[in-house]
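Engineer: Shown below is the structure under consideration.
None of the figures in this text is laboratory data; all of them are computed from the coordinates on show. Because the structure is predicted, anything quoted here is derived from the model rather than measured. In this analysis, Cβ positions are derived from the backbone assuming ideal geometry, glycine residues included, and neighbour counts consider all displayed protein chains.
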Amino acid sequence: MGSLAAQNGVAPERAFETSTIHAGQRPDPTNRSVAVGIFPSTAYVYESAQHVEDIASHKVKAYHYSRIANPTNTVFEDRMTELEGGIGAIATASGQAATLVALLAIAKAGDSFVVSTKLYGGSAHQFNVFLPRLGITARLVEGNDPAAFEAAIDETTKGIFVESITNPLLEVMDIPGLAEVAHRSGIPLIVDNTFGCGGYLIRPLDLGADIIVESATKWLGGHGVTLGGVVVSGGNFEWAGNPRFPELNEPFAGYHGLILTKQFGRHAFLAKMRMETQREMGATLSAHSSFQLLQGLETLPLRVDRHTSNSLALARWLEAHPKVLWVSHPSLESHPSYDLAKKTLKRGSGGMLAFALKPVGDKPSDIVAQEFIDATTLCHHCPNIGDVRTLVVHPSRTTHRQLTKEQLLINGCVPELIRVSVGLENIDDIIADFKQAIEKVI
């Protein structure tokens, strides 16, 4: 569905902080409720037999089954559309579902994607193992050089896929450069913007990207209680007449001659997801989950500002610690992405950092890392991120465990790396916990 503003790609000019509260919603016209209503209904009543025909032929827009669209989900989708600067969005049951819903809308057996090696472990597994079972392959590229990505594109390529800020080493990708090479070849740039916090830290669509996927489970919800994901379309990619995407330009199977690009124009990609991949996969976000995510969005800027300041303070404290081997945080001058981060991350680098401790005698750094995590008392040993609580984890044994040793090294997920999602606690308490844990193991 989507609001008229989202369908037309017209969003009011207002500050991000205001949009997190108001975008996509007005008080209910019937009961005047200020809060967004939760609509758990699975289906909606048709007005008449003619109404059915009008909906099926896309002459009118109406809710009819919640696997396809739901009023509560529409508010979340419209809010994310405005926050990320797109023309429309699809809410999904998780971030992993968002990625698959987007990719499978434009690719089939025999197709490929050019993919960064610097990905979250679950995304890497999708490209390395799951999608190849469906006949869709990944052409992996190391580093951040757009020329290397361009060299990997061939006639089967349906898009370039990267993370805006990589997990777990926090490298900032060259989105303008990657968008340029993608568009030269007539393919979209798809960016996982989970670490970009819903567009608050970075809006890849403003930098030339075409499609955003992200986990709403993390900072958008912000409290570790709700799974969710979202796909946002930028609306500027030229799908019509593009020979790489015949399914968007030829009669759409099951829809009696309908051609998506003719019927929906620049919303063709969104229509393909809603009418096929989301509909057939059934990875639909529940109305209750949408409501919880909307509650999280209302405080997103406040929380991310605190995450960001806490993370940088902890990173600087760790960098000065004599028992720390290295620290990875884009706002540290020692980070390889420091200059690019200053240019593209206008509100700081977010609430993540990675670091390693020095080995102790014959004890290697990866064992020291595990002992440090076990020694923390305030922090939680947990594979989630974006929670109000500080979370620490050893990615090579958890979030990236499905990768081989060689893949882990290419990914940057070295054995000694400790990933930290810095929470909202008082920074002095966070540092005190790190201090006592380091002293206990070294």
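Engineer: Mind checking the stretch 101-165 for GluC sites (Glu not before Pro) that DSSP puts in a loop (not H, G, I, E or B) and that have at most 14 other Cβ atoms within 10 Å?
Structural biologist: Details: sites: GLU142, GLU150, GLU155, GLU163; in loops: GLU142, GLU155.
Counting only loop positions with at most 14 other Cβ atoms within 10 Å, the GluC sites (Glu not before Pro) in the stretch 101-165 are GLU142, GLU155.
Engineer: Pairing the Cα long axis of helix 287-297 with the longest principal axis of the chain, what angle in degrees results, from 0 to 90 and rounded to the nearest 10?
Structural biologist: Roughly 50 degrees, rounded to the nearest 10.
Engineer: Hey, how many Å between the Cα centroid of the stretch 182-247 and the Cα centroid of the stretch 355-388?
Structural biologist: Cα centroid to Cα centroid, the span is 32 Å.
Engineer: Right, another one. With only Lys, Arg, Asp and Glu charged, each at its Cβ (+1 for the first two, -1 for the last two), find how big the charge dipole of the stretch 300-441 is about the Cα centre; round to the nearest 20 debye.
Structural biologist: 380 debye
Engineer: With a cut-off of 8 Å between alpha carbons and a minimum separation of six or more residues, what is the relative contact order of the chain in percent?
Structural biologist: That works out to 16 percent.
Engineer: Could I ask something else about it? May I ask which of LYS158/LYS405; LYS363/LYS440; LYS218/LYS323 have a Cα-Cα span longer than 23 Å here?
Structural biologist: Checking Cα-Cα distances, LYS158/LYS405; LYS218/LYS323 exceed 23 Å.
Engineer: While we're here: Could you tell me how many degrees, from 0 to 90 and to the nearest 10, lie between the Cα long axis of helix 95-106 and the main elongation axis, the longest principal axis, of the Cα atoms of the chain?
Structural biologist: For 95-106 against the chain, the angle is about 50 degrees.
Engineer: Let me ask you something else. Output wanted: per-residue J couplings in Hz (rounded whole) for the stretch 130-140, from phi through Karplus 6.51 cos²θ - 1.76 cosθ + 1.60, θ = phi - 60°, x for Gly and Pro.
Structural biologist: 6, 4, x, 5, 8, x, 10, 10, 10, 9, 7
Engineer: Something else: So which GluC sites (Glu not before Pro) in the stretch 242-342 end up in coil per DSSP with only 11 or fewer other C-beta atoms within 10 Å?
Structural biologist: GLU333
Engineer: Right, here's the next one. Go through [x] 71, 54, 47; [y] 117, 48, 45; [z] 78, 54, 35 and flag the label whose value is the computed Cα extents along the principal axes in Å for this structure.
Structural biologist: Step by step, Cα extents along the principal axes in Å for this structure corresponds to label [z].
Engineer: Something else now. Please get the size of the charge dipole for the chain, origin at its Cα centre, with Cβ charges of +1 on Lys and Arg and -1 on Asp and Glu, quoted in debye to the nearest 20.
Structural biologist: My answer is approximately 420 debye.
Engineer: Which percent, nearest 5, of DSSP beta bridges in the chain are antiparallel?
Structural biologist: Numbers: 24 of 42 bridges.
That works out to approximately 55 percent antiparallel.
Engineer: Right, another one. Based on DSSP loop calls and a cut-off of at most 16 other Cβ atoms within 10 Å, the longest stretch of the chain free of exposed trypsin sites (Lys or Arg not before Pro) is what?
Structural biologist: So the longest stretch without any such site is 109-322.
Engineer: For the chain, build the charge dipole from Cβ charges (+1 Lys, Arg; -1 Asp, Glu) around the Cα centre, then report which of SER41, SER94, THR226 sits farthest towards its positive end.
Structural biologist: SER41
Engineer: With θ taken as phi - 60° and the coefficients 6.51, -1.76 and 1.60, list the Karplus ³J(HN,Hα) couplings across the stretch 249-266 in order, rounded to whole Hz; mark glycine and proline as x.
Structural biologist: Computed from phi, the couplings for the stretch 249-266 are 10, 10, x, 7, 4, x, 10, 6, x, 5, 10, 4, 5, 7, 6, 10, x, 6 Hz.
Engineer: Near LYS59, which lysines are there with a Cα under 22 Å away, not counting those fewer than 8 places off in the same chain?
Structural biologist: Excluding near neighbours in sequence, the set is LYS262, LYS272.
Engineer: So, counting K/R as plus one and D/E as minus one, what does the shell of residues with Cβ under 10 Å around ALA182 add up to?
Structural biologist: Summing Lys/Arg as +1 and Asp/Glu as -1 gives -2.
Engineer: Against the longest principal axis of the chain, how steep is helix 175-184, in degrees 0 to 90 to the nearest 10, with axes from Cα atoms?
Structural biologist: Value to nearest ten degrees: 40.
Engineer: Next question, about the same structure. Tell me which aspartates and glutamates have Cα within less than 14 Å of LYS342's Cα, excluding those fewer than 8 residues away on the same chain?
Structural biologist: Reachable aspartates and glutamates: GLU171, ASP174, GLU333.
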